[in-house]
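The values are calculated or read from the model by the stated rules, or taken from the named source; none is laboratory data. Everything numeric in this text was worked out from a predicted model, so none of it was measured. Heads up, the Cβs are rebuilt from the backbone with ideal geometry, glycines too, and the neighbour counts pull from every protein chain shown.
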Amino acid sequence: MDRFTSLTGTALPLRRSSVDTDQIIPAVYLKRVTRSGFEDGLFAAWRKDPDFVLNRPEYDGCRILVAGPDFGTGSSREHAVWALQDSGFKVVLSSRFADIFRSNAGKTGLLAAQVDQEVIERLWADCEADPALGVTVDLERREVRFAEVVAPFEIDDYTRWRLLEGLDDIGLTLTHGAEIADFEANRPAWMPSVL
Amino acid sequence: MARTLAEKVWDEHVVRSAPGEPDLLFVDLHLIHEVTSPQAFDGLRLAGRRVRRPDLTLATEDHNVPTVDVDQPIADPVSATQVETLRSNAREMGVRLHSLGDVEQGIVHVVGPQLGLTQPGMTIVCGDSHTSTHGAFGAIAFGIGTSEVEHVLATQTIAQTKPRTMAVTVNGSLADGVTAKDLVLALIARMGTGGGQGYIVEYRGAAVESLSMEARMTLCNMSIEWGAKAGMVAPDQTTFDYVRGRMHAPTGSEWDNAVAHWQRLVTDEGARFDEEVVLEAAEVTPFVTWGTHPGQGVPLSGSVPDPAELPDTGDRVAAEKALEYMQLAAGTPMREIAIDTVFVGSCTNGRIEDLRAAAAVVRGRQVAAHTRLLVVPGSTRVRLQAEDEGLDVVFKDAGGEWRGAGCSMCLGMNSDQLQPGERSASTSNRNFEGRQGRGGRTHLVSPLVAAATAVTGRLASPSDLPTADTATA
Ligand code: SF4
């Protein structure tokens with residue numbers, strides 16, 4: 001996965017709270033056998049409304065999603081994270097995340113940054129007033145910056161480190177490649193091989 | 001320090017251990033099937049990674065393959081796509097695959113042991129919860145999720161926090177007509193579906209030692225149904241005799257080295273388990289479920305329980321819901337419950353011994369007029385062996401259906417499904433709502449009970465049957 005240090009881009013104001021993973025991507029979109037292409041399922045039910053914020057051209061290319069509290073509740077489907085990533089999002093800002101969503105996000109490199117609800121409200125207002133507003137999410141300094149606002153966000157140290165280093169679970173394990181190779185070299189000769 | 005079997009096998013596989021982190025374990029065998037692997041392979045591809053150890057990775061098609069017309073293209077488009085994807089992934093990544101039509105094709109948990117790839121002291125994982133089956137050989141074997149499948153493909157390791165250990169000691173011996181399936185159903189009824197949560201369970205005691213390998217697999221298979229991370233049985237002469245001579249078993253001096261090592265894989269005198277449970281085998285009788293989870297079971301000689309009499313409120317509510325779904329009245333004797341479909345198969349009870357046991361009961365008898373008997377061998381090899389022994393003819397003569405190998409009606413992903421409202425007696429492992437088809441109602445049973453039930457059309461054991469008419473046998 002890619003390293004994440006700091007990102008500046010436009011933000012999508014999603015004025016909803018308790019967005020569960022069935023809303024992020026409904027079950028009918030889970031049949032695919034690939035890890036990519038889930039953008040068509042993102043907020044599929046809401047997108048039927050032409051006025052839904054994601055359908056509005058002025059928000060094309062947003063990489064930061066600004067959502068209300070309790071984002072990502074419900075089913076543990078990792079597809080919710082994939083759908084956001086496949087749609088170009090790198091960051092979700094919310095005042096509270098469901099645990100399983102936060103953990104799935106951290107594993108695949110989507111930054112789930114927790115900020116105060118006041119910051120969310122201000123972002124919603126500012127991004128609605130000016131969809132081209134630049135928002136910076138700085139992981140090194142754990143800060144969100146826009147207009148004259150500088151607000152801290154919360155993320156646990158371990159997930160932050162992994163994102164900064166660009167290490168997913170596999171990448172992390174592969175940093176111990178020498179230990180794995182050592183172990184492999186010492187396996188008994190009688191252990192079975194399928195070949 | 002004295003250690004348990006589970007601790008010994010665990011310790012032998014730790015690649016890396018650091019405070020505050022899960023242990024990184026080496027995986028000796030990674031089994032793969034079509035349903036939980038596609039995204040793992042795709043993730044690998046997206047990251048530009050390869051399968052680290054194709055020589056320790058084996059794939060087979062089982063979950064949604066058809067069990068009739070297996071030489072025809074798969075009709076269901078989702079199944080066809082999953083199977084096709086597995087085939088192209090296996091080709092691209094150099095993974096050995098046993099496809100439909102191949103003699104080694106079958107349910108992943110039947111194929112591993114049958115090839116001799118499942119051996120004592122190994123770590124075995126698969127994107128399937130019934131991977132616990134392989135623990136029968138004294139291996140640590142457990143199911144993993146799709147992201148973990150990708151992790152194992154890329155690194156041949158898995159990060160795991162060490163579970164606690166539990167001993168389930170079964171004293172005495174099982175009576176005639178009582179099987180490992182009855183034993184494990186009785187155990188789950190006692191422990192509850194969450195009773196094993198967080199534990200690696202070691203099954204031990206005289207009754208377990210006297211079980212055949214296949215019966216031990218049935219026992220370990222259902223460990224997950226009471227929440228255990230894995231189930232194990234210490235390897236012994238029965239284990240060695242079963243492994244010896246199989247395709248991937250060690251030979252010559254390697255065999256001696258292996259056995260010398262395997263013999264040390266027993267729980268040391270004085271080793272402590274975090275939890276201990278004791279069962280008396282003599283008290284176990286044929287056992288069947290009445291509800292919608294594997295813990296809702298009673299002896300076949302019993303009746304549907306009255307939810308009002310259950311002491312725990314949660315159990316009471318669950319029982320009421322289950323009876324509503326199962327359309328059963330409290331107090332109904334289990335033997336009076338009429339059955340539409342009998343399913344003999346699955347990774348729990350789809351091996352040759354299971355088919356022999358069921359065939360011995362139906363031999364010379366007829367399946368009841370309103371009942372359907374579906375027999376699905378766990379693997380193609382099991383099917384061929386059964387046909388060699390004439391078991392297919394026994395089932396067919398009795399009016400049963402004889403099928404190709406796969407998971408089939410265990411989970412109803414292919415077209416082998418119950419109709420809404422239909423009731424089955426099934427040798428599989430899960431009686432969840434809709435598991436065998438939407439609206440279907442499942443009673444979990446042993447192969448012996450399944451066969452007797454097919455004959456009477458009601459839940460029954462072989463001892464309920466009048467003597468077979470041997471003239472027609
Ligand atoms: S037979 Fe049933 S339980 Fe076993 S692997 Fe297949 S679907 Fe799963």
Q) Can you tell me which residue in region B:11-62 is farthest from the ligand (Cβ to nearest atom), limited to those that are among the acidic types (Asp, Glu) and crowded, with 24+ Cβ neighbours inside 10 Å? A) B:ASP28
Q: Being part of a helix (DSSP H, G or I) and β-branched (Val, Ile, Thr) is the filter; apply it to region B:341-361 and report the residue that is farthest from the ligand (Cβ to nearest atom).
A: B:VAL361
Q | Elements of type strands (runs of 3 or more DSSP E) in region B:187-301, at least 2 residues being among the hydrophobic types (A, V, I, L, M, F, W, C) | A | B:199-204, B:230-232, B:275-280, B:287-289
**Q.** Any pair with Cβ under 6 angstrom, 6 or more apart, that starts in region A:153-175 at a residue that is outside any helix (DSSP H, G or I) and ends at one that is aliphatic (A, V, I, L, M)
**A.** A:PHE153/A:ALA113; A:PHE153/A:VAL115; A:PHE153/A:VAL144; A:ILE155/A:ALA113; A:GLY166/A:MET1; A:ASP168/A:MET1
Q) Quick one: in region B:402-415, which of the residues that are within 11 Å of the ligand (Cβ to nearest atom) and in a loop (DSSP other than H, G, I, E, B) is nearest to the other protein chains (Cβ to nearest Cβ)? A) B:MET413
Q | Condition check for B:ALA338: crowded, with 18+ Cβ neighbours inside 10 Å, away from the ligand (no atom under 16 Å from the Cβ) and among the hydrophobic types (A, V, I, L, M, F, W, C) | A | no
Q. In region B:84-104, what residues are buried (at least 24 other Cβ atoms within 10 Å of the Cβ) and within 16 Å of the ligand (Cβ to nearest atom)?
A. B:LEU86
Q: Filter region B:209-221 down to the residues that are free of Cβ contacts under 8 Å to residues at least 40 places away in the same chain and of a type outside the set (S, T, N, Q), then identify the one that is farthest from B:GLY345 (Cα to Cα).
A: B:GLU209
Q | Residues (without any contact (Cβ under 8 Å) to a residue 12 or more places away in the chain and within 13 Å of chain A (Cβ to nearest Cβ)) located in region B:66-101 | A | B:PRO77, B:ALA80, B:THR81, B:GLU84, B:SER88
Q. Are any residues in region B:46-72 in a helix (DSSP H, G or I) and at pLDDT below 95, and if so, which ones?
A. B:LEU46
Q. Out of region B:73-108, which residues are hydroxyl-bearing (Ser, Thr, Tyr) and not in a helix (DSSP H, G or I)?
A. B:SER99
Q | Boolean, A:GLU165 is at pLDDT 95 or above and surrounded by 13 or more Cβ atoms within 10 Å (Cβ to Cβ) | A | no
Q.
Please go through region A:41-86 and give me each residue that is of a type outside the set (A, V, I, L, M, F, W, C), in contact with an Asp or Glu (Cβ under 8 Å, 6 or more places away or on another chain) and within 26 Å of A:ASP126 (Cβ to Cβ), ordered by number.
A. A:ASN55, A:GLY72
Q. What number of residues within region B:22-44 satisfy the criterion of being farther than 18 Å from A:LYS31 by Cα, more than 8 Å from chain A (Cβ to nearest Cβ) and charged (D, E, K, R)?
A. 1
